[in-house]
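A.B. asks: Here it is, the structure in full.
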Ligand SMILES: *Cc1c(COP(=O)(O)O)cnc(C)c1O
């Protein structure tokens with residue numbers, strides 16, 4: 001028997017059951033009464049502004065036939081909207097959903113978003129949204145603190161893809177500045193060879209830029225990569241094979257170019273292989289090809305795996321002594337919020353030896369298991385050494401779309417990408433600094449900032465708040481992994497095996513079905529694709545589906561030969577892999593906040609097993 005820790009409900013801290021609508025709308029009354037209160041507050045706010053002004057829509061206007069007809073029209077279009085949404089939306093909220101990075105979102109964030117939307121703040125400029133702009137500033141500070149940046153800064157972006165693009169924007173401009181300095185003010189970098197200029201650290205570059213007067217700094221910036229200068233000299237952007245495809249878009253749009261994106265192999269756990277990274281860098285450095293930067297992924301999109309950020313940092317520091325430097329961006333779009341698991345209530349990174357005890361105290365996990373490996377812990381610990389980090393509130397922040405984000409280590413770094421359009425940022429107006437000069441977007445919803453701010457204020461970004469919520473999803477994912485490991489089917493005499501890909505670092509579980517003894521990889525791929533078709537919108541109305549998952553392919557063009565160990569472990573030959581060159585995978589991001597509980601999980605496990613069995617029977621006959 002494993003020891004059972006105190007359950008969520010016995011713990012005196014936050015009760016997460018109060019923060020979701022619930023898959024059976026259990027908290028509907030709280031949701032509706034709170035929404036009503038908020039809507040009333042907004043209506044009163046309108047009414048009370050300048051009470052001397054008379055209403056412009058009169059009662060007799062409202063009684064006119066055209067008014068009535070227009071209202072009827074509005075009602076019927078909204079009914080149509082409702083029909084469409086009810087019949088064509090994915091039931092993320094249900095514990096039967098084991099697909100993409102989505103689940104039920106936080107009730108307070110839905111309320112905050114809807115409420116704030118009534119004011120329609122535009123965080124493009126402080127003057128159009130003083131309330132929500134201030135919230136975004138605070139949220140940016142939260143992002144910086146979460147990631148361990150003491151002098152950092154951050155903001156909300158539309159999504160993780162744009163945050164990644166912003167990371168590359170920073171790296172690109174940074175890398176090009178020393179060449180611009182040589183051109184504009186050579187004495188700043190006198191005595192340095194071009195190779196040395198291409199290997200100056202971000203900190204050195206910022207210090208030099210800050211040491212000049214604003215006019216010179218501005219001239220230097222005007223001769224940087226932003227003007228299109230020296231684009232062919234910036235070198236390679238190295239990303240692991242597990243990269244999100246936003247990196248390709250970012251390389252395309254920033255002018256870095258897809259040919260300058262180098263894919264680094266991953267190890268058998270689908271984590272970036274640091275030895276391979278070192279070899280790639282040394283080979284490039286041999287013929288003086290600079291390294292524009294390296295991306296470490298924390299929570300890979302297809303496996304949820306966590307790259308060894310600490311080892312990448314150690315490599316950076318080692319190579320720096322040899323005169324080779326790279327910018328480091330951590331793509332933690334998926335995994336960043338999980339850093340809360342390691343922060344105590346004073347924002348200190350909890351020592352590894354104390355972690356279990358602290359997690360016990362806060363009721364983070366039910367079971368006494370090794371859910372968090374030392375490798376994963378070390379990766380999170382090293383975050384503050386990166387230059388920039390992608391953070392997606394709309395993934396593990398459980399906040400509605402669209403809410404991505406980025407945190408940077410040095411606030412000053414903003415100046416290397418900054419613009420100052422007069423119409424949104426007039427220094428003379430005395431308004432606090434506005435966001436637009438430093439972000440890719442223009443107009444953006446203040447409601448998003450309100451939703452993220454509210455979530456952070458209710459659930460602190462540490463072990464007492466988000467740590468607990470994310471612990472629930474990690475525990476559920478591990479239960480699902482164990483469930484799959486012990487699962488097999490007999491479909492009218494055909495034995496079907498279930499093979500999870502790897503022990504999850506985080507909360508994603510990948511697996512395949514295979515017919516026992518089958519050595520034909522294409523046949524296995526076909527089986528898993530057919531299963532996916534039956535377990536997704538592809539197979540018909542998704543509302544009628546009793547188990548929903550997602551699917552991906554690991555193919556040689558993205559993954560090289562990294563899938564070989566898995567494919568071989570299932571009994572396929574290397575020849576078979578070389579012939580087919582792809583393996584189809586079923587993929588579950590286990591975000592549900594409810595299956596952490598052993599009894600809840602078990603009751604759903606039976607239902608899921610039955611649903612899988614029915615689908616396999618329909619496929620195999
Ligand atoms: C989801 C994800 C992204 C992109 O984020 P969006 O918000 O979907 O644009 C980038 N990187 C990783 C690792 C991701 O998981």
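A.B. asks: Under 9 Å by Cβ, and 6 or more places apart or on different chains, what pairs join a residue from region 231-255 that is within 17 Å of residue 200 (Cα to Cα) and touching a residue at least 60 places away in the same chain (Cβ under 8 Å) with one that is near the ligand (Cβ under 10 Å from one of its atoms) and in a strand (DSSP E or B)?
C.D. replies: 237/295
A.B. asks: Residue by residue through region 112-126, note down the ones that are over 22 Å from the mean Cα position of the chain (by Cα), crowded, with 19+ Cβ neighbours inside 10 Å and outside any loop (DSSP other than H, G, I, E, B).
C.D. replies: Within region 112-126, 115, 116, 126 meet the criteria.
A.B. asks: Also, quick follow-up: Check region 298-307 and report whether any residue there is away from the ligand (no atom under 12 Å from the Cβ) and touching a helix residue (DSSP H, G or I) at 6+ places or on another chain (Cβ under 6 Å).
C.D. replies: No, region 298-307 contains no residue that is away from the ligand (no atom under 12 Å from the Cβ) and touching a helix residue (DSSP H, G or I) at 6+ places or on another chain (Cβ under 6 Å).
A.B. asks: Of the conditions (1) under 24 Å from residue 569 (Cβ atoms); (2) in contact with a helix residue (DSSP H, G or I) (Cβ under 7 Å, 6 or more places away or on another chain); (3) more than 16 Å from the ligand (Cβ to nearest atom), residue 236 clears all except one; give me its number.
C.D. replies: Status for residue 236: all satisfied but (1).
A.B. asks: Go through region 561-577 and report how many residues are touching a strand residue (DSSP E or B) at 6+ places or on another chain (Cβ under 7 Å), closer than 19 Å to residue 244 by Cα and either in contact (Cβ under 8 Å) with a residue 24 or more places away in the chain or surrounded by fewer than 17 Cβ atoms within 10 Å (Cβ to Cβ) (or both).
C.D. replies: Qualifying residue count for the region: 1.
A.B. asks: Going by what's in this entry, would residue 319 be described as away from the ligand (no atom under 16 Å from the Cβ), on the phi < 0 side of the Ramachandran plot and touching a helix residue (DSSP H, G or I) at 6+ places or on another chain (Cβ under 9 Å)?
C.D. replies: yes
Here is a yes/no grid of residues against (1) closer than 18 Å to residue 141 by Cβ; (2) assigned to a loop (DSSP other than H, G, I, E, B); (3) within 11 Å of the ligand (Cβ to nearest atom):
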| position | (1), (2), (3) |
| --- | --- |
| 377 | no, no, no |
| 384 | yes, no, no |
| 396 | no, yes, yes |
| 400 | no, yes, no |
| 407 | yes, no, no |
| 412 | yes, no, no |
| 416 | no, no, no |
| 419 | no, yes, no |
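A.B. asks: Regarding region 263-270, can at least one residue be identified that is more than 16 Å from the ligand (Cβ to nearest atom), under 29 Å from residue 197 (Cβ atoms) and in contact (Cβ under 8 Å) with a residue 12 or more places away in the chain?
C.D. replies: The answer is no, given that none of the residues of region 263-270 is more than 16 Å from the ligand (Cβ to nearest atom), under 29 Å from residue 197 (Cβ atoms) and in contact (Cβ under 8 Å) with a residue 12 or more places away in the chain.
A.B. asks: Six or more apart or on different chains, Cβ under 8 Å: which pairs go from a residue in region 323-338 that's under 16 Å from residue 261 (Cα atoms) to one that's part of a loop (DSSP other than H, G, I, E, B) and within 12 Å of the ligand (Cβ to nearest atom)? Could you list them?
C.D. replies: Within 8 Å, the pairs are 331/243; 331/244.
A.B. asks: Among the residues of region 342-364, which ones are free of Cβ contacts under 8 Å to residues at least 24 places away in the same chain, under 25 Å from the mean Cα position of the chain (by Cα) and in a loop (DSSP other than H, G, I, E, B)?
C.D. replies: Hits for region 342-364 are 346, 348.
A.B. asks: Where in region 545-621 are there helices (runs of 4 or more DSSP H), lying fully within it, with 3 or more residues that are out of contact with any helix residue (DSSP H, G or I) (no Cβ under 8 Å at 6 or more places or on another chain)?
C.D. replies: Per the criteria, 556-559, 564-569, 598-620.
A.B. asks: Which residue is farthest from the ligand (Cβ to nearest atom), if the candidates are limited to region 144-178 and must be in contact with a helix residue (DSSP H, G or I) (Cβ under 9 Å, 6 or more places away or on another chain) and over 30 Å from residue 198 (Cβ atoms)?
C.D. replies: 146
A.B. asks: Sticking with this structure for a sec: Mind checking whether some residue in region 375-391 is crowded, with 19+ Cβ neighbours inside 10 Å, farther than 22 Å from residue 297 by Cβ and touching a helix residue (DSSP H, G or I) at 6+ places or on another chain (Cβ under 6 Å)?
C.D. replies: Looking through region 375-391, none of the residues is crowded, with 19+ Cβ neighbours inside 10 Å, farther than 22 Å from residue 297 by Cβ and touching a helix residue (DSSP H, G or I) at 6+ places or on another chain (Cβ under 6 Å).
A.B. asks: Inside region 322-354, can you point out the residues that are crowded, with 18+ Cβ neighbours inside 10 Å and more than 16 Å from the ligand (Cβ to nearest atom)?
C.D. replies: Answer for region 322-354, where residues must be crowded, with 18+ Cβ neighbours inside 10 Å and more than 16 Å from the ligand (Cβ to nearest atom): 324, 325, 326, 327, 340, 341, 342, 343, 350.
A.B. asks: Has region 82-102 got at least one residue that is over 19 Å from residue 437 (Cβ atoms), in a helix (DSSP H, G or I), touching a strand residue (DSSP E or B) at 6+ places or on another chain (Cβ under 6 Å) and within 16 Å of the ligand (Cβ to nearest atom)?
C.D. replies: No; the residues of region 82-102 include none that is over 19 Å from residue 437 (Cβ atoms), in a helix (DSSP H, G or I), touching a strand residue (DSSP E or B) at 6+ places or on another chain (Cβ under 6 Å) and within 16 Å of the ligand (Cβ to nearest atom).
Laboratory data are not the source of any read-out in this text; all were calculated from the coordinates shown. Please read all numbers here as calculations on a predicted model, not as lab measurements. Glycine also receives a Cβ, built like all others from the backbone with ideal geometry; neighbour counts cover every protein chain displayed.
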